[in-house]
Amino acid sequence: MNPKGIDTLASLTTDVSHSGKVSPEKIDAESPQPFHFKERHGSSSAFLGSTEREILILSTIIKVLLFPAYRSTDFEVHRNWLAITHSLPLSKWYYDTTSEWTLDYPPFFAYFEYVLSIPASLIDPKIVDLKNLRYDAWSVIAYQRTTVIITELVLGAALLRFIRGAVDPSSQRIISISLFLHPGFLIVDHIHFQYNGFMFGILLWSILAARNGNKPLCGLLFAILLNFKHIYMYIAPAYFIYLLRTYCMTPNGRPNLPNFLSLANAVVVVFIFSLGPFVLLGQLNQLLSRLFPFKRGLNHAYWAPNAWALTTALDRVLLRYVTISGADIAVNITAVSSTSRGQIGDTVFAVLPNIKPVHTFAITLSFQIVFLLKLWFVPTYKSFLTALTLCGYASFMFGWHVHEKAVLLILVPLSLLAADSHALYRTYLIVTVAGVYGLFPLLFTHAETFIKIAYSLIWGFMCLGPLNRSTYEFPSTFPSVVLDRLEKIYIAGFGVLQITVWLIDASGKASLAFLPLLVTSVYCSLGLSWGFVRLSYLYFRKT
Amino acid sequence: MPGFYSAGFESIYRCFTGSSEVSQSEIHAPVPRRHHLLQTESQKWMYTPSISPGSSRPVSPTMAHDRLSRHPQLSFSALLEQPAGQKRVVDEQCGWARKWVRWMHRSGMRGWVIPVSMVGAAWIKWLVSLGGYSGFNTPPMFGDYEAQRHWLEITIHLPLRQWYTYDLPYWGLDYPPLTAYHSWLCGKIGSWIEPSWFALDVSRGYESEDSKTFMRATVLLSDILVYFPAVFLFVKRFLRHRSGRTQHVALLSLLLQPAVILIDSGHFQYNSVMLGFALLALDSLVVSSDLTAAVFFVLSLAFKQMALYYAPAIGSYLLGKCLFLGPHHGRSLFFRLAATTILTVLLLFLPWLSPAAIRNPLSRIFPFNRGLFEDKVANFWCASDVVVKWRRWLGAPGLVRLSTIFTAAGFAPMVWGLLYGAWSAAERTRGDNKKQDKKRVQISCPTLVVIPYALLTSSLSFFLFSFQVHEKSVLLPLMPATLLISGAESGGVGEDWEWGILFNNVAVFSMWPLLKKDGLGLQYVAVTLLWNRAIGYSPLNVKSGAVIRVLSLSSYGAILALHIAETVVTPPARYPDLFPVLNVLISAAVFGCTWLWSIKRGAEIGWALAGPPRPRDREPKASSVGRRSVHKMSVEENT
């Protein structure tokens, strides 16, 4: 018996249970694809296929070779957290200010750091010394980098499970591999230094539970994730609506109280474990003030490629226009003098009206409500996945002080949709290219330039090519042909963009130092905005 | 491709002569003959190039029309392919390189395999170069990195005449002129970017992130410009009888060879340029452009004098070619080769051509005033030094003489084999008409098949027995060994695959003390593992041959034990060099066995080539029309 076949059947039946019917495209997807990872599950290992084992080994080798690569201050941030959690009692974790990099992640992440600090103290006690700021011995680099690689196995395991029960295992295999080897993770986790792989692993595990119809597990895992890193609040509304509609209510709209209570209990227990100790210590306010610092500006140092980057750029252009033409428009004088050249701090617009946190909040929420309404009426797994992506997307596009790294919140769930149709694949392609390129400025050192570009290119060829071929549809109408061309030109434009960035860099003028970042940010945000429009359109047209 | 249309001795016969010598009778009334794939007997004798059973490549008429098939001959890789009927490597056991290539071919991305492999290999090399380098932050002398940086500095600031004389104790230039010109070019570019990196005298010991990135980039770029094309041409020319997949896998296994990556991108040197030029010379030999080969080989020699290790093999082959061509054409080729070589050397040494000036580079390049070996080298002298104190016995001049005799004795069988093979081939195929002699000019000498083994024998005898050897020089014998792996398969004929990999792995191990000093321990493990996984090698899985199996298991066991002991035990104060010496003993033993094996393989193949007698009854009388019709017919037979 073929275990894959059983899994496929099982996933089909679960699909039936929550969507009510099997859509014809799903049956189509069962037909053989023009390409396959021909996998012969031999006797060697029942747990990992040989291809998966090779990929695991190969990727680990690559990540190990990246040990000596550039690392950002986030590395010291995490080392400091190891020191805080190891050498201070729980009650002082969120009060310590020995280093400027104070603990500002939710309690589960602090517990996680505490667990990691135990082996660290055995390997080299200097790692967990609170006073030993900016410690960069080989021991701490190797240790922290290794923890990233090991905890990322959560992601690998979740992705593996995705293949086993997929409707179309061959496409899902490519998607899973592409996610495990995603340049985003390589850049942000293995070079820049963070633990996104681990946390997206939990997110994917939760999404997997949703696909397999295990709603309580889905909710529970997401609650846990939320207590690891609060950035996932961006997508919480989609979870809330989806679980409320499909688990806490019967299909005909009546509340299902037992289900609701069990889910609520699970979530509450998670929060008790996480926040409970700090509530008892009376530190909840301190904790929340650490988690949500509203004193930052609209844009991050390097403008994340979102709507505000476009607005800020537009403001700069208008200002230039006003000063040159002398048009009679009121100009904010403070903004002219302090045109924040990428400094952290408040972005003040010279011509356009200023943006306050409440504005960004209102815009984000109104977009999310529209998507959630759709989810409410079509609460299938695919619809949930799209709504989840779009919620993250809206927050990224219009949120206050968004980091460029938050783009992973779009790229990861969107990847799961990539093989569904050619239109979705095209959206995925544009968003991925723009999003990954938008991460490039994180690594500004010359030695890493070749690493990020070559890796992204190879990854793109290996992963996007097969997906393109498996979903390809010929553009049939005139507008779609034009669109197809424009999108291709946009993608090709990244080559020109990179050359422009190099040329500006090579000119070495200090006054142009911020220009490459600005150009990159604006160009990427064009693509990401278009991707947002595309995905929203597809969401409302399809299903 | 002779192997495709005929079998047995005739195929050998035709290999030597080209497809011209087919008797008329055969054209008019072809003898019905079984398809060559079914004639296993012939394959057992010669392992003629066959369509690999697992190949996706169709046998098509277009194959016969590629540029190279106009010079039909045996390629050494033909000897390595498995005979039909033997069990193929099971899917589970093949490395990721083959799996990936297979997947790419099936997904319709065949055309992307080579570019992606090249970018990927360059990427891996760049990852390794993020690590430490020789002499990092160790004043006052630093290490090889500083030596190279210093040469960039002196070549751009000093007139040519002073290059080999300027402040010699501080890393004086001791490589031939091409290295100096290369340094000058890199230095010019570098000082255009940032002059302070290479300011004369002031910049000694200069280390910064950006200057390191620049220096690393020069290594990688030189590698990409010379070594990558050389490997590509090797795969396209030497392995042209093989399936596209095998060619692609071979490309990957050559580009990811761990020792070159670790020394060039890790420790910091430009060996791949020398190796690349030598390989380009080999590539030219295949298409019978002997003069080009001579130029490339001189370039290789002029980049690093260590390429001399290859000289006996290349020289004997070319001499053999002259013998093969017969008195008239042979003499002409000999003089042309001599003229080309001398001219190239003169051009390269042009600035130092006065008798007074030439002494400077020469005495720097051949330092007989230095010791028998430096540090610890896994060769005969250093290994036997544990028991026999050679230096005390003989003194420097005696040692120079003795090491020269040993080295020459080491490669003598190979030289004899190449010359005799060529001569006997010429004897057997010598026809009475001049047209046919002329034909031979266009094909390479049949001894080409042996050349990787010959290169291995000759470079290993230099490495094991010659004077003043560095541990890094093991890269030279490693190249032919890796060429052999690239065309061979696990459990294949002659155990080339197993020997080549064992040699490669032990060679990487022999450089461990060096890499450890450079802080490249992590890269040492990672790159070696990467390459072994790529080709799908596991020491526990060596199937063929009792000798190689026992040798592999024992040497890997010893290596593992030594690595474990090194982390656990601190060496006693009396023997601070205990671990390096043990390392030398293990490695030298394996190198010695590899050397003997290479002689044995060379002899086997040489015998197979020279063995069959010439079929006297078939005198060649083919006209050009007849040739063409035979050609056509054989193509049909194949389809």
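The values are calculated or read from the model by the stated rules, or taken from the named source; none is laboratory data. Everything numeric in this text was worked out from a predicted model, so none of it was measured. In this analysis, Cβ positions are derived from the backbone assuming ideal geometry, glycine residues included, and neighbour counts consider all displayed protein chains. What goes into the accessible areas is simple: the full protein's heavy atoms, side chains included, and nothing from ligands, DNA or RNA. Shrake-Rupley method; radii C 1.70, N 1.55, O 1.52, S 1.80 Å.
Rounded to the nearest 20 debye, what is the charge dipole size of chain A about its Cα centre when +1 sits on each Lys and Arg Cβ and -1 on each Asp and Glu Cβ? Spell out each step's value before the answer.
On the way: 41 positive and 30 negative charges, 117 e Å.
That gives a dipole near 560 debye.
How crowded by other chains is B:521-534, given as the mean number of beta carbons from other chains within 10 Å of each beta carbon?
Values: counts 1, 6, 5, 0, 2, 7, 2, 1, 5, 6, 0, 0, 5, 2.
Across the residues of B:521-534, the mean count of other-chain Cβ atoms within 10 Å is 3.
Taking each residue of B:121-133 in turn, how many C-beta atoms of other protein chains fall within 10 Å of its C-beta, and what is the average? Numbers along the way, then the final one.
On the way: counts 0, 2, 9, 4, 0, 8, 13, 2, 4, 10, 4, 1, 0.
Neighbouring Cβ atoms belonging to other protein chains average 4 per residue here.
For segment A:150-261, what relative contact order do you get, as a whole percent, if you take Cα pairs closer than 8 Å and at least 6 residues apart?
21 percent
Could you run the numbers on buried accessible area between B and A, total for both chains, 1.4 angstrom probe, in Å² to the nearest 100?
3100 Å²
Over all directions, what mean area does the Cα convex hull of chain A project, stated in square nanometres?
Over every viewing direction, the Cα hull of chain A projects on average to 28.1 nm².
Non-local amide H neighbours of A:VAL402 (under 5 Å, H modeled in plane, Pro and chain starts lacking H): which ones?
Under 5 Å from the amide H of A:VAL402 lie the amide H atoms of A:HIS300, each far enough along the sequence or on another chain.
Round to the nearest 0.05 the FRET efficiency obtained for A:LEU244 and A:LEU314 when R0 = 41 Å and r is the Cβ-Cβ distance.
FRET efficiency, A:LEU244 to A:LEU314: 0.55.
Starting from the Cα of B:SER208, step 7 Å toward the Cβ, then list every residue of segment A:509-534 with an amide N under 14 Å from that point.
none
If R₀ is 35 angstrom, what is the calculated FRET efficiency for the pair B:THR570 and B:ASN137, using the beta carbon separation as r and rounding to 0.05?
Step by step, r from the Cβ atoms, then E = 0.90.
Name the residue from A:LEU116, A:LEU409, A:THR97 whose Cα lies farthest towards the positive end of the charge dipole of chain A, charges +1 on Cβ of Lys and Arg and -1 on Cβ of Asp and Glu.
A:LEU409
Restricting attention to segment A:91-198, which chymotrypsin sites (Phe, Trp or Tyr not before Pro) occupy a DSSP loop and are surrounded by at most 15 other Cβ atoms within 10 Å?
Listed in order of number, the matching sites are A:TYR95.
Taking only protein heavy atoms and a 1.4 Å probe, what accessible area per residue, in Å², does segment A:116-201 have with all protein chains in place?
With the other protein chains kept in place, segment A:116-201 gives 29 Å² per residue.
Mind checking B:102-108 for the average number of partner chain beta-carbons within 10 Å of each residue's beta-carbon?
On the way: counts 2, 7, 5, 0, 5, 11, 5.
Rounded to a whole number, the mean comes out at 5.
Loop only per DSSP, at most 11 neighbouring Cβ atoms within 10 Å: give me the trypsin sites (Lys or Arg not before Pro) in segment A:81-146, ordered by residue number.
Those that pass, being in a loop and sparsely packed, are A:LYS131, A:ARG134.
With label points built 7 Å along Cα→Cβ from the Cα atoms of A:THR73 and B:THR404, find their separation and express it in nm.
Result for the modelled spin labels: 6.6 nm.
Along the charge dipole of segment B:495-553, which of B:VAL547, B:TYR524, B:VAL506 sits closest to the positive end, that is, farthest toward it, with unit charges on the beta carbon of Lys, Arg, Asp and Glu (+1, +1, -1, -1)?
After comparing all options, I get B:TYR524.
I need the trypsin sites (Lys or Arg not before Pro) found in segment A:454-543, filtered to DSSP loop residues with at most 10 other beta carbons within 10 Å of theirs. Before the final figure, lay out each step's value.
Numbers: sites: A:ARG469, A:ARG485, A:LYS488, A:LYS509, A:ARG534, A:ARG541, A:LYS542; in loops: A:LYS509, A:LYS542.
Those that pass, being in a loop and sparsely packed, are A:LYS509.
Which cross-chain or sequence-distant (5 or more) residues have an amide H under 5 Å from the amide H of B:GLU489, H modelled 1.01 Å from N in plane?
Here B:TRP497 satisfy the definition.
What distance in nm separates the two pseudo spin-label positions at A:PHE540 and A:PHE377, each 7 Å out from Cα along the beta-carbon direction?
Spacing of the two 7 Å Cα→Cβ label points: 1.1 nm.
Explain nothing, just the number: relative contact order of chain A, from Cα pairs under 8 Å at least 6 residues apart, as a whole percent.
Rounded, it is 16 percent for chain A.
Can you give me the long-range amide H partners of B:PHE373? Hydrogens built in the peptide plane at 1.01 Å from N, cutoff under 5 Å, separation of 5 or more residues or another chain.
B:GLN468
Length gain on complete extension for the stretch B:ALA561 to B:LEU168, per 0.36 nm per residue less the alpha carbon to alpha carbon distance?
Once the chain is fully extended between B:ALA561 and B:LEU168, it gains 137.3 nm.
Given the pairs B:LYS439/B:LYS600; B:LYS99/B:LYS543; A:LYS405/B:LYS517; B:LYS188/B:LYS376; A:LYS92/A:LYS215; A:LYS452/B:LYS188, which are separated by over 26 angstrom at their Cα positions?
Over 26 Å apart, Cα to Cα: B:LYS439/B:LYS600; A:LYS405/B:LYS517; B:LYS188/B:LYS376; A:LYS92/A:LYS215; A:LYS452/B:LYS188.
A:LEU457 versus A:ILE123, label points 7 Å from Cα toward the beta carbon: distance in nm?
If labels sit at A:LEU457 and A:ILE123, their model points lie 3.4 nm apart.
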